[in-house]
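Presented below is the structure to which this report refers.
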Amino acid sequence: MAAAQILVTLDGTVHDPDEPFLHADDLAALRGDGVFETLLIRSGRTRKVPAHLDRLARSAEMMELPMPERDTWAKAIEAAEKQWTADNGDAEAWLRLVYSRGRESAPDAGPTAYVMAGPVAERVAHARSEGISVVTLERGFSTDLAERAPWQLLGAKTLSYATNMAALRYAATNGFDDVIYLSSEGAVLEGPRSTVVTVTGRTLTTPPTEAGILPGTTQRAVFETAAQEGWTTRTEVIRRADLIAADSVWLISSVALAARVTSLNRYVMPLSPNDHEFVDLVDRAICVD
C-alpha cells in the first residue's frame, strides 16, 4: 500500500508529513499568495521536470516572487522521488511544488518552499479508463482580459484555487465529473485543473494561452510528439459547437494525463476510433525528456 505523503524542504530534508510545518500566518494559508506545480511520478521517475520548473519560474515572475533557484528545486524533487520510490516502488504518485511569499509577520524571512508527494487518487484511474462527464461554465471574463489586466494573474498557476474548487463542487452537485470554462464571448478556455484538446482525424486543437489560460505542460509535450509523428496540431479559438463536432474531446493534465469527455452538458459524445491512439500518444509524450 502506498505511503500517505512525502514532505521535503529545499535543503533535501525529509519531514514527517503528519507533523506541523507551516506557520499559521504563512501567506499561502492566509491569502493563497504563492504558486505551485503538480508533476507525475511514473515508473520511479518524475516526468517533465524542466517544463514544470519553467512554468514555476514564469508564475513566480508574474507574482513578483523571488526567482526560484532551479537546481535547488531539482534536487528537492529528486529527494522526494527517491523517498517515494524507496517506500512505494513503482506506484504512481503526484509530486507538488509549493512556493509562497512566506510569513506575513516576517516578510524579510523570505519565501516558503517545499515539495510533497502522495498517491494518485482513485478518481484519476477512473477518469483515465472510463472518461468523464463535463459541464461548461462561465469563467466570467473575456479573452482579452489577460492583456488588459495583468494583475488578474491569468495564466499563472497560483495557490488561489478557491474558484476552481467551487466550480468542481458545483459540477459534482449537479451530477458532473468536471468542468470546461467558457469566456464571456463563449470561447472554450480550460478546465479547473486541465487543458482542453479536441481530436478530429489526426488533427489536435487546443485554445490559445493568450485567452488567459495556463500553458499546459502535458499539452505542449503531446503536441510536440504528435507533430514529430505526422499529426497536425493547431492552437486556435474553440467554441462549444466545435467540441460537439470533434471526433473526441479530452481534458489532459500532468497527473490524470488523458481523460476523454464522455458527455458534455449531458449530451453523450460518440466513441472515436482514434481514442486508444491518442491515449498512447499522451503516455509516450510524457516519457520524452
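The values are calculated or read from the model by the stated rules, or taken from the named source; none is laboratory data. Keep in mind that what you see is a predicted model, and the values were worked out from it rather than measured. Counting neighbours? That spans all protein chains shown, and the Cβs are built from the backbone with ideal geometry, glycine included. With ligands, DNA and RNA removed, areas are computed over all heavy atoms of the protein, side chains included. Shrake-Rupley method; radii C 1.70, N 1.55, O 1.52, S 1.80 Å.
Say we look at the range 267-285 and pick out the residues that are among the β-branched types (Val, Ile, Thr) and under 15 Å from Leu251 (Cα atoms); which of these is surrounded by the most Cβ atoms within 10 Å (Cβ to Cβ)?
Out of the qualifying residues, it is Val282.
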Filter result (open to solvent by less than 40 Å² (accessible area, probe 1.4 Å), small (Gly, Ala, Ser) and either closer than 15 Å to Val98 by Cα or touching a strand residue (DSSP E or B) at 6+ places or on another chain (Cβ under 7 Å) (or both)) within the range 19-76: Ala28, Gly32, Gly34, Ala57, Ser59, Ala60, Ala74, Ala76
Criterion violated by Ser105 - all others in (1) small (Gly, Ala, Ser); (2) in contact (Cβ under 8 Å) with a residue 12 or more places away in the chain; (3) open to solvent by 10 Å² or more (accessible area, probe 1.4 Å); (4) more than 22 Å from Leu27 (Cα to Cα) satisfied: (4)
Of residues in the range 121-140 being crowded, with 19+ Cβ neighbours inside 10 Å and assigned to a loop (DSSP other than H, G, I, E, B), the one modelled with the lowest pLDDT: Arg139
Residue pairs meeting the criteria (Cβ under 8 Å; at least 6 apart or on separate chains; first of a type in the set (Lys, Arg), in the range 272-284; second assigned to a helix (DSSP H, G or I)): Arg284/Thr225
Single condition Asp275 does not satisfy, out of (1) under 17 Å from Ala51 (Cβ atoms); (2) at pLDDT below 95: (1)
Hits in the range 213-226 - residues which are touching a Pro at 6+ places or on another chain (Cβ under 8 Å) and assigned to a helix (DSSP H, G or I): none
Residues (open to solvent by less than 50 Å² (accessible area, probe 1.4 Å), part of a strand (DSSP E or B) and not aliphatic (A, V, I, L, M)) located in the range 158-212: Thr158, Asp178, Tyr181, Gly191, Ser194, Thr195, Thr198, Thr203, Thr205, Thr206
Test: residue in the range 244-262 that is loosely packed, with under 15 Cβ neighbours inside 10 Å and part of a loop (DSSP other than H, G, I, E, B): no
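Among the listed residues Ala91, Ala57, Ala109, identify the single one that is of a type in the set (Gly, Ala, Ser) and more than 21 Å from the chain's Cα centre (by Cα).
Step by step, each of Ala91, Ala57, Ala109 is checked, and only Ala109 is of a type in the set (Gly, Ala, Ser) and more than 21 Å from the chain's Cα centre (by Cα).
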